[in-house]
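Worksheet: one structure, shown below.
FYI, it's all coordinate maths here, none of it is from the lab. Please read all numbers here as calculations on a predicted model, not as lab measurements. Positions of Cβ are backbone-derived with ideal geometry, glycine not excepted, and every protein chain shown enters the neighbour counts.
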Amino acid sequence: MRKGKTVGGVLAACIICILLEMMIPTVNTYNHHTNSISKIDNNQINSNGNTLYVGGNGPNNYSKIQDAIYDASDGDAVFVYSGIYGENLIVDKSIQLIGENRNNTVIDGGGEGDVVRITADGVTLSGFTIQNSGGNEFDFGVEAQSDYNKISGNIIKNNGGLQGWIRGGIFLMNSSHNEIGNNLIYSNDREGIYMDKADYNAIHNNTIYENDYFAIIVNASSHNIIQDNDMSKNYVCMSFWPFSHDNHIIGNAIHEHDYYSLSFYTLSNNNIVRYNNFSDNIEWSIRIAGADNNLVEYNSISGSLGGEWGYGYGIGVQSAFQNTIRYNNIMNNKNNAVILNSLNNHWIENYWDDYNGFGPKVIWGRIMLPQISDFYIPWLNFDWHPAKEPYEW
């Protein structure tokens, strides 16, 4: 934000802001409830059909996973013994595809296309290392184009490449009611998980780290739960792109990202961010830009100190309206909060380490006019009753 000329003085702006804050009621339209996710049992075959075996020493075992899939029927299981399988799989039947041990049961895509593409509903994929997809647009370790699948207990690494924006670990495309849990997702080129028009999915208990750009992208996807994941050292953690609404981000450890850790962009409304620990995310912890009616509560937000870009914001609210930020610990950031061109947002009983202990906590910002680039109006929000001590959850 560039410095510019002020209008009328800060005192007049303060009086206007106070009057508006007092006139606008705090309205919260959310149904506050805790979501629970059932845990996946990894590497357990629970099938009423036949079990086909790949690898190992059995006399009738298959040598290729795809051959076993061809011969399987809906409801069957395919069990894969440890080994390296150079294949690009298409799973077009509702089966369980189970690896013996995720550390040494490897599906290697050989640098071409998707490693595993799921087109049938109700597939379980568990117990594998999935690596070396192609490097072009839409090449992923796992791509699901169907519903009600479970992707659990895998290592998904070294997928993606140098071409295009959409590539990496897991891709849910028009794919809903899936469960992605207990995976290690790392060292993928660009995204760990990309969700496009994917609703009602549960992403939980994964460790997602050191992916080239994003841990998770949510694009035009709604009613998803992202819970109890450990996400670190990606360039960006989570980005919610336009029309991603009514998602719940709960109980995650989100730390050590170079740029920002969570952003909501245009029309990503009515999301809930609760009980997360944001720590040491360099430029921004939470950024709300063009998104409305989001709830941010019971989070720890600390350690955004600024780096190459010089930001260092705990929470940034830009061109956003009617968001509620309450009961958070906001501390040890270069700038705990900033507001730009945003109205009717509500800051309620947060703990601020830079609060002076008297009166309301003042949150500074400005209204800028696009027609006059060096002209702005000082704008203030208030946390009227800031917490005196940090919350303990």
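The candidate values were (1) 50; (2) 38; (3) 46; the one computed from these coordinates for percent of Cα pairs over 29 Å apart carries the label (3).
Within the chain, count lysine pairs with alpha carbon atoms under 19 angstrom apart where the residues are 8 or more positions apart or belong to different chains. Mind showing how you got there, number by number?
Values: 3/334; 39/150; 64/93; 93/150; 150/197; 157/233; 334/361; 361/388.
Number of lysine pairs found: 8.
Think of each Lys and Arg Cβ as +1 and each Asp and Glu Cβ as -1; about the Cα centre, that makes the dipole of the chain roughly 1120 debye.
Quote to one decimal, in nm, the extra length available between residue 66 and residue 84 on full extension: 0.36 nm per residue of separation minus the C-alpha distance between them.
Working: separation 18, 0.36 × 18 = 6.48 nm, distance 1.36 nm.
Result for the pair: 5.1 nm of gain on full extension.
For the stretch 145-266, what does the alpha-carbon gyration tensor say about shape, rounded, prolate or oblate, given a ≥ b ≥ c as the root eigenvalues, a/c under 1.5 as rounded, and a/b over b/c as prolate? In terms of gyration-tensor shape, rounded.
Suppose R0 equals 30 Å; then what is the FRET efficiency for residue 253 and residue 318 from their Cβ-Cβ distance, rounded to the nearest 0.05?
Working: r = 26 Å, r/R0 = 0.86.
Here the calculated transfer efficiency is 0.70.
Once you reduce the stretch 116-190 and the stretch 334-365 to the center of their Cα atoms, the two points are 40 Å from each other.
Amide H to amide H, with H built 1.01 Å from N, residue 83 comes under 5 Å of 105, 106, counting only residues 5 or more places away or on other chains. In the stretch 40-234, Cα pairs under 8 Å separated by at least six residues give a relative contact order of 13 percent.
If you take the square roots of the eigenvalues of the alpha-carbon gyration tensor of the stretch 222-356 and sort them as a ≥ b ≥ c, do you get rounded (a/c under 1.5), prolate (a/b over b/c) or oblate? Rounded shape, in that the Cα axes give a/c under 1.5.
Classify the stretch 40-234 as rounded, prolate or oblate from the Cα gyration tensor: take a ≥ b ≥ c as the square roots of its eigenvalues, call it rounded if a/c is under 1.5, otherwise prolate when a/b beats b/c and oblate if not. Prolate, since a/c reaches 1.5 and a/b exceeds b/c. Relative contact order of the chain: 9 percent, from C-alpha pairs under 8 Å at least 6 residues apart in sequence. In this simple spin-label approximation, residue 372 and residue 334 carry label points 7 Å from Cα along the Cα→Cβ vector, and these lie 2.9 nm apart. With the cut-off at under 18 Å, measuring from each backbone N in the stretch 302-332 to a point 7 Å along the Cα-to-Cβ line of residue 344 picks out 317-325. When each of 384, 393 is scored by the number of other beta-carbon atoms lying within 10 Å, the sequence from fewest to most is 393, 384.
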